[in-house]
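Following: one structure in structure tokens, then a few remarks.
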Amino acid sequence: MTNISFETVIEVTYLVASALFILSLKWMSSPTTARRGIFAGEIGMLLAICGTLLHRGIVDYRTIAIALALGTIIGIPLGRVAMTAVPQRTALSHAFGALCVTLVGTTEYYINTPGAKSFAMAVLCVEVILGGLTITGSLMAAGKLQEILPQRPLTYKGQNLVNFALLGVAVVIAIILVMNPAHKELFPIMVAIAVAFGVLLVIPIGGADMPTVISLLNSYAGLSAAAMGFVVGNKLLIIAGALDGSSGMILSIVMSKAMNRSFTNVLFGAFGQVQPAAAAGQETRTTRSATADEAAAILAAANKVVIVPGYGMAVAQAQHKVRELYDALTKRGVDVKFAIHPVAGRMPGHMNVLLAEADIPYDRLADMEDINGDFPQTDVALVIGANDVTNPAAREDKGSPIYGMPILDVDKARTVMVIKRSMSPGFAGIDNPLYYMDRTLMLFGDAKGFVGNIVRELTGGGH
Amino acid sequence: MGLSLLDGLFIFMLAGFIGFEVIRRVTPLLHTPLMSLTNALDAIAVVGAIILVGERKSSLATILGSIAVVAATSNIVGGFLITDRMLRMFHTSRPAKKS
């Protein structure tokens, strides 16, 4: 065997791995084929890593083995976190991915500086800047999701100006480096600015905007990996990075459409700081409330019930009680469905995973477009821990900050029940007219406790 | 490894289009596992880090490269594990449920 054929073998493993990665994503299109998709991804990954180990320049296998083993030891607990912790785990893994890319980029710079062509240097700068800001941006997002950091947006005057100025400086340094890569003293400054920019970028973003931010960071992590592919001359990496980048981009688009907001608005708009003004003059409006046994009686008499879960359900860890409610109602012959708004929760698809974890069959989970036409024929819409995504003001009130955002039309159901801790407005601080409708019953209490009480009435009531 | 700028851009462009077309078809039901899967696949960056460590060109390359391998490997292992755990939970109501 000559060296040349080793190179060919490596390239062939990369070729096969690329095909398997694409198939892997293709099979994610349906829950029935998705697990095959993971298998394809795993085989592709294994092939590519084994192929890489044949690389003839490699002399130090021991350090590689230690690092791989250590990574595995850290990875296993990260794969075993609770389902409610998936958003912060995902943010953390964006940070890890970006860390790998940034470190490799930095090392490549110091090893290859003298001979760097200007294109290679430009891509390297893109790699390191995108990677650097993704590391800290994702860590900030993870911190907010884990509630180590405050979820409220932190804003100050001139914030956007400071951020843009910083990014501008990083870009200028990048241009200087492209023209003359030998300015070694500038490189660490550029990395430091990117890292600082990541922190500043996520500070003003509130919890409700996390689905978009996580998707956007996902996209950045992918694009920086693709840039690394250019730098190290690896086609497989370019492909994987492009796939990840486009995936994150699509999810970001879906998320911002679901909030009727643009990327720039999410990133620089600092939502959630809004009007205390709306509260005045509305004190006189009345709400109707009901107890658990009243709610149980109405639910038991219904033919069709749609449950609308939101982040509040996740916070209260109420998904298992909700499943008991689903079972109790289904046993009585009630048709129960779940309406999932795209931005319900803290990351794309968050509610689906929690409900699936609670053992609710996925054919009972419906997307917004599919379920909205059903609400007029729905006897009871039960809202658990969701607020803004059900706010009819988004449809009717041109003055509302969320006007134009697509919502679940729960107000069209014959009866609406809302489980809520108190009348305090939701995250965005926007008043919800849904709560004052004649057909709306407010069920005040903790989501888990209240649903549990309804279930007890339905099952233990003896009728 | 000889990879010209244009070759690279061709690959990037095609992969980007494939990504858009394939991922547009992913059901919103699976958006969370999709993100953890792409995250695991993206950690293929580990191959670049492995070569850096293995070539032992400088102690800087060994140290930074090793950290990079650790970070990427934990994404691979953790990402595939959690995606599999999530997908295992999705089931339909059709198969007769245990009574």
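Computed values, structure above
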read-out	value
Across A:Lys26/A:Lys144; A:Lys337/A:Lys420; A:Lys304/A:Lys412; A:Lys257/A:Lys412; A:Lys26/A:Lys337; A:Lys26/A:Lys257, pairs whose alpha-carbon gap is larger than 25 Å	A:Lys26/A:Lys144; A:Lys26/A:Lys337
Extension gain, A:Val162 back to A:Ser5 (0.36 nm per residue minus Cα-Cα distance, nm)	51.2 nm
Between 0 and 90°, nearest 10: helix A:61-78 axis offset from chain A longest Cα axis	10 degrees
Residue exposure sequence - A:Ile340, B:Ile63, A:Ile402 - by fewest surrounding Cβ within 10 Å	B:Ile63, A:Ile402, A:Ile340
Point-charge dipole on Cβ atoms (K/R +1, D/E -1) for the protein assembly as shown, about Cα centre, debye to 20	560 debye
Residues A:Ser262 and A:Arg152, FRET efficiency given R0 of 30 Å [Cβ-Cβ distance, rounded to 0.05]	0.85
FRET efficiency, A:Arg62 to A:Leu186 (Cβ-Cβ, R0 41 Å, nearest 0.05)	0.70
Computed [θ] at 222 nm, deg cm²/dmol, chain B (DSSP H ≥ 4; -39,500 (n - 2.57); rounded to nearest 500)	-25000 deg cm²/dmol
Under 5 Å, built H, 5+ apart or other chain: amide partners of A:Ile307	A:Lys337, A:Phe338, A:Ala339, A:Leu382
Estimated FRET transfer efficiency when R0 is 30 angstrom, pair A:Thr330-A:Tyr403 (beta carbons, to 0.05)	0.20
A:Thr378 long-range amide H proximity, modeled H, under 5 Å	A:Arg414
Nearest 10 degrees, 0 to 90: helix B:5-24 Cα axis against chain B principal axis	10 degrees
Dipole magnitude of region A:1-80 about its Cα centre (Cβ charges: Lys, Arg +1; Asp, Glu -1), debye to nearest 20	320 debye
Residue mean of other protein chain beta carbons inside 10 Å, B:54-61	5
Helix-only CD estimate at 222 nm, as mean residue ellipticity for chain A, using -39500 (n - 2.57) per DSSP H run (n ≥ 4)	-19000 deg cm²/dmol
Per-residue average of Cβ from other chains inside 10 Å of A:215-221	2
Length released on extending from A:Lys117 to A:Glu369, taking residue separation times 0.36 nm less the Cα-Cα span	85.7 nm
By average C-beta atoms within 10 angstrom, highest first, the peptides A:184-194, A:450-460	A:450-460, A:184-194
Degrees separating the helix A:86-112 axis from the principal Cα axis of chain A, which is the longest one	10 degrees
Least to most buried among A:Asp244, A:Asp374 (fewest other Cβ within 10 Å first)	A:Asp374, A:Asp244
Spherically averaged projected area of region A:1-80 from its Cα convex hull (nm²)	6.5 nm²
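Since every read-out is calculated from the coordinates, none of them should be taken as a lab result. Since we're looking at a predicted model, the values are computed, not measured. Positions of Cβ are backbone-derived with ideal geometry, glycine not excepted, and every protein chain shown enters the neighbour counts.
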